[in-house]
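See below for the structure under consideration.
None of the figures in this text is laboratory data; all of them are computed from the coordinates on show. Quantities reported herein were computed from a predicted structural model and do not represent experimental measurements. Cβ sites come from the backbone with ideal geometry, for glycine too, and all protein chains shown count toward neighbours.
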Amino acid sequence: MSLWSPRLIAHRGVPKRLPENTLVGFRQAVEEGADVLETDLWLTADGAIVCHHDRTLERVTDRAGAIPELLLAEVRQARVWRSDHGSFGVSDPIPTLAQLLAAVPASVGLALELKDPHFGAPEAARLLLAAIEDRVAAGTVMLLGFEEALLWAARRSDSRVWIAKIEEYGPQPRFAGNGIGTVPQAMAANPDYMAAARAQGLWVCPLDPEPEPRLDWYRQLGVDALLTDDVAVTRSALLSPSRPRTGSGLGP
């Protein structure tokens, strides 16, 4: 029997079936068995933290404008009605981080990608860490980002915060934090990728939101987590008799 037990990370909720980065999508992901919810963070002009992938609103909402230039009240007027997979006849406001924290059970992990470079500033970093303090203590939150310097700056006042670097290129994992996300091509280019990551104590998740065709390969590699745009589909594949799984949250 396989003992492989990857965490299932809901990428922006369930964007194959509901608008991305919305409370309706996040709640559905939890109902379908997600271990971790992944979302993206920006700061509004008046200092509120909101969950949205793009700097601007146009791609998935009915409004226009750049989040860092808008007040929270203006951002909240927008309705998210689609994802890259299409539209679904449902819309929901852009949630704040506080609303997400209130809506998600404490047992479900959060993976928060820092999109806004201002999170590296001391005041913004303090605001973020204060918001997630309880989850930091419980070990159920991780900060993600492409910029290594931003991650270290955001956690400068609390070394307990898990940080993970997103790295699209380079077949060699290199990061002094807790985890790394990389494209499958980089992992395939280096058969020793997982061994190198393990030697550094890194938690590994492929950047592959439709992982089902590659589950056997990921099982052989022993990755720690799987990203998915459709929690129900990926969970069903993982729960098949040949792929039993357990586990929750972000811990090792």
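Observations on the model:
- Gyration tensor verdict on segment 117-252 (Cα atoms; rounded if a/c is under 1.5, prolate if a/b is larger than b/c, oblate otherwise): prolate
- Each stretch of four or more DSSP H residues adds -39500 (n - 2.57); spread over every residue of the chain, this sum gives -7000 deg cm²/dmol at 222 nm.
- Annotation: peptides 140-146, 204-210, ranked by per-residue average of other Cβ atoms within 10 Å with the highest first, follow the order 140-146, 204-210.
- Summary of packing: across the peptides 54-60, 84-90, the per-residue average of other C-beta atoms within 10 Å ranks them, highest first, as 54-60, 84-90.
- Sequence of Ser83, Ser5 once ranked by neighbouring C-beta atoms within 10 Å, starting from the fewest: Ser5, Ser83
- Segment 1-46-segment 202-230 distance, computed between alpha-carbon centres (Å): 15 Å
- Inter-label distance, nm, simple model (7 Å from Cα along the C-beta direction), Arg55/Arg160: 3.4 nm
- For the chain, size of Cβ-based charge dipole, Lys and Arg +1, Asp and Glu -1, in debye: 480 debye
- In nm, spacing of pseudo-spin labels at Glu168 and Ala66 (7 Å Cα→C-beta vector): 2.0 nm
- Volume of the Cα convex hull of segment 7-238, divided per residue and given in Å³: 113 Å³
- Summarising the amide proton neighbourhood of Gly109: residues at separation of 5 or more, or on other chains, whose placed amide H is nearer than 5 Å comprise Val36, Leu37, Gly249.
- In the chain, the longest principal axis of the Cα atoms and the axis of helix 122-131 are about 70 degrees apart.
- Inter-site label distance for Ser240 and Trp152 at 7 Å from Cα along Cβ, in nm: 4.3 nm
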